[in-house]
Amino acid sequence: MPSFPFVVDGVSKLAVRGYSFGAEYLNNNALNKRGDEPPKFPEMPAWGAAIIGATALFFVFFLASIQYTIGDVISTLAMIETPAAEVTFTESDEPDNTLDKEQKEHLLETSPTVTIAPIKPITSNIRGTIKHLRSQAGRTSRWRGIVPAVIYSFLVSISFNLVQAIIPGEFGLLRMPIVNSLAALPLARLHMAWTHAMISQPSNLRWYQRIQPLSSYKQLWLPTIVSHSAAIYAVYATGYFAVLISQLFLSDTMDALTEGKAVSGAAITGSILSVFAIFFFAVFAGLFIVLPAHVTLVRIEASLLPEDQDTIVPFDRSFGGKVVPKVLGGSGAVGFLDAWKTFNWEARRRLIKLYVKNAAIQMMTVFTFVHLIAFEALAIMGKDIKHYMCKMNKYQKEHSQ
């Protein structure tokens, strides 16, 4: 793995090249008809490029940390959490010495009032979940399972390239779902070990010690194939819908804009609505195709967690009585259909809200860092850029006549 200074140096060089390309483009674009050269765009100093490169590198790591903590760890916990209920017993507040004989006999015949109040789920709040993880597993708990996650991502990318080279293109639309599924299938047990590392209580087990026996493929092969195929089919569905909408509502508007013709307000409004329609269709495909398949896979993996390991959030291993333990002759794992059916609507809404919050946090993070980098560039090159703009304005005025 490369050292941190080496990475910063590489990012700095990349920033310098990008900045130089932009400066060269501006200079070349400003050439006038007489052929003389305009003022050259100032070059960024190496130390300035290093600062911007380090900021960009920090931004990448920070955004990846947000995605992993919320998009992987907390969302996985939300998929398996079974909110507990608080049971309270309420009895009469009147002391016995104030009751007559008949009232005392009546109290003996009646039982206390039993009240069952559901406790707020831990994963209903991002801050509350992180606080719970810290109290149970320490400060680094927000990145729990990061080692098997990195290893799985690396190996599945290699597996994907190998399978893609083998599967011919004659399969058409079935090719990519097959490639994606076959690439993930050999690593299904590693993916389950990653899930177990995220949901279980802290232990001394290494990530490779969490890998279950080969017999676990009996429960894993179907949800693995469905989950990885669903992602591709959702992309297909969104792509075809986008093409259809473009041909029906966007093609005429785009042709008119390309040819420089006037476009009516109704056409522009229709184009904007078409873009929103494509976006909402993509969200619809994610909610009703990708989400159920992924939740089913995670819940089946969670049901295969060894009985001697406890989860870090409340988790009903019986799945509402759907799972028969191994000691009673059952498989000990939840079925493919029951894994999704037992994931009630309250849990589904909680998970969707979590994804929405994650998207909002990431967009705000990107917005903040873009402005931060722009501020850094202005602080480093502000005077030079101002001097350049003054020269360019003077140059354009002299050659506009």
Scan the stretch 320-332 and give yes if some residue there is out of contact with any Ser or Thr (no Cβ under 9 Å at 6 or more places or on another chain), assigned to a helix (DSSP H, G or I) and in contact (Cβ under 8 Å) with a residue 12 or more places away in the chain, otherwise no.
-> no
Might you let me know whether the stretch 193-215 holds any residue that is within 20 Å of PHE336 (Cβ to Cβ), small (Gly, Ala, Ser) and either part of a loop (DSSP other than H, G, I, E, B) or touching a residue at least 12 places away in the same chain (Cβ under 8 Å) (or both)?
-> no
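One residue is enough: does the stretch 386-397 have a residue meeting the conditions of a type in the set (Ser, Thr, Tyr) and either exposed (fewer than 14 other Cβ atoms within 10 Å of the Cβ) or at pLDDT below 95 (or both)? Let's see the steps before the verdict.
Within the stretch 386-397, the first condition is being of a type in the set (Ser, Thr, Tyr), and the residues that meet it are 388, 395.
Subset that is either exposed (fewer than 14 other Cβ atoms within 10 Å of the Cβ) or at pLDDT below 95 (or both): 388, 395.
Yes; the residues of the stretch 386-397 include at least one that is of a type in the set (Ser, Thr, Tyr) and either exposed (fewer than 14 other Cβ atoms within 10 Å of the Cβ) or at pLDDT below 95 (or both).
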Out of curiosity, is GLN401 more than 25 Å from the chain's Cα centre (by Cα), modelled with pLDDT under 95, surrounded by 13 or more Cβ atoms within 10 Å (Cβ to Cβ) and not in a helix (DSSP H, G or I)?
-> no
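Yes/no matrix, rows are residues, columns are (1) of a type outside the set (S, T, N, Q); (2) at pLDDT below 90; (3) assigned by TED's automatic domain parsing to the domain that holds MET389; (4) more than 30 Å from VAL334 (Cβ to Cβ):
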residue: PHE4; (1), (2), (3), (4): yes, yes, yes, yes
residue: VAL16; (1), (2), (3), (4): yes, yes, yes, yes
residue: SER20; (1), (2), (3), (4): no, yes, yes, yes
residue: LEU26; (1), (2), (3), (4): yes, yes, yes, yes
residue: GLU37; (1), (2), (3), (4): yes, yes, yes, yes
residue: PRO45; (1), (2), (3), (4): yes, yes, yes, yes
residue: PHE59; (1), (2), (3), (4): yes, no, yes, yes
residue: ALA64; (1), (2), (3), (4): yes, no, yes, yes
residue: GLY71; (1), (2), (3), (4): yes, no, yes, no
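Each row is one residue, and each column tells you yes or no for (1) assigned to a helix (DSSP H, G or I); (2) under 19 Å from THR311 (Cβ atoms); (3) in contact with a strand residue (DSSP E or B) (Cβ under 9 Å, 6 or more places away or on another chain).
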residue: LYS120; (1), (2), (3): no, yes, no
residue: GLY128; (1), (2), (3): yes, yes, no
residue: LYS131; (1), (2), (3): yes, yes, no
residue: ARG134; (1), (2), (3): yes, yes, no
residue: SER141; (1), (2), (3): yes, yes, no
residue: TYR152; (1), (2), (3): yes, no, no
residue: SER157; (1), (2), (3): yes, no, no
Check off (1) modelled with pLDDT of 95 or more; (2) outside the structural domain of SER203 (by TED's automatic domain parsing); (3) surrounded by 11 or more Cβ atoms within 10 Å (Cβ to Cβ) for LEU162 and give me the number that stays unchecked.
-> (2)
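From the list TRP221, TRP207, which residue is closer than 30 Å to GLY330 by Cβ, at pLDDT below 95, touching a helix residue (DSSP H, G or I) at 6+ places or on another chain (Cβ under 7 Å) and not polar (S, T, N, Q)? If you could, list the steps in order and put the result at the bottom.
Values: TRP221 fails: at pLDDT below 95.
Only one candidate passes the filter, namely TRP207.
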Are any of the residues in the stretch 164-178 touching a residue at least 12 places away in the same chain (Cβ under 8 Å) and in contact with a Pro (Cβ under 7 Å, 6 or more places away or on another chain)?
-> no
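Within the stretch 285-319, how many residues turn out to be of a type in the set (Phe, Trp, Tyr) and not in a helix (DSSP H, G or I)? Spell out how you get there, then give the answer.
Of the stretch 285-319, the ones of a type in the set (Phe, Trp, Tyr) are 288, 315, 319.
Now drop any that are not not in a helix (DSSP H, G or I), which leaves 315, 319.
Adding up the residues that qualify gives 2.
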From ALA230, ALA282, grab the single residue that is part of a helix (DSSP H, G or I), closer than 26 Å to ARG189 by Cα and within 20 Å of the chain's Cα centre (by Cα).
-> ALA230
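Looking only at the stretch 136-155, which residues are surrounded by fewer than 18 Cβ atoms within 10 Å (Cβ to Cβ) and in contact with a Pro (Cβ under 9 Å, 6 or more places away or on another chain)?
Going through the stretch 136-155, the residues surrounded by fewer than 18 Cβ atoms within 10 Å (Cβ to Cβ) turn out to be 136-140, 143, 147, 150-151, 153-155.
Residues satisfying the conditions are GLN136, ALA137, GLY138, LEU155.
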When PRO213 is run through (1) closer than 24 Å to VAL150 by Cα; (2) surrounded by 12 or more Cβ atoms within 10 Å (Cβ to Cβ), the failure sits at (2)
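The values are calculated or read from the model by the stated rules, or taken from the named source; none is laboratory data. Keep in mind that this is a model prediction, so the values were computed, not measured. Because the Cβ atoms are built from the backbone with ideal geometry, glycine has one as well, and the counts that use them run over all protein chains shown.
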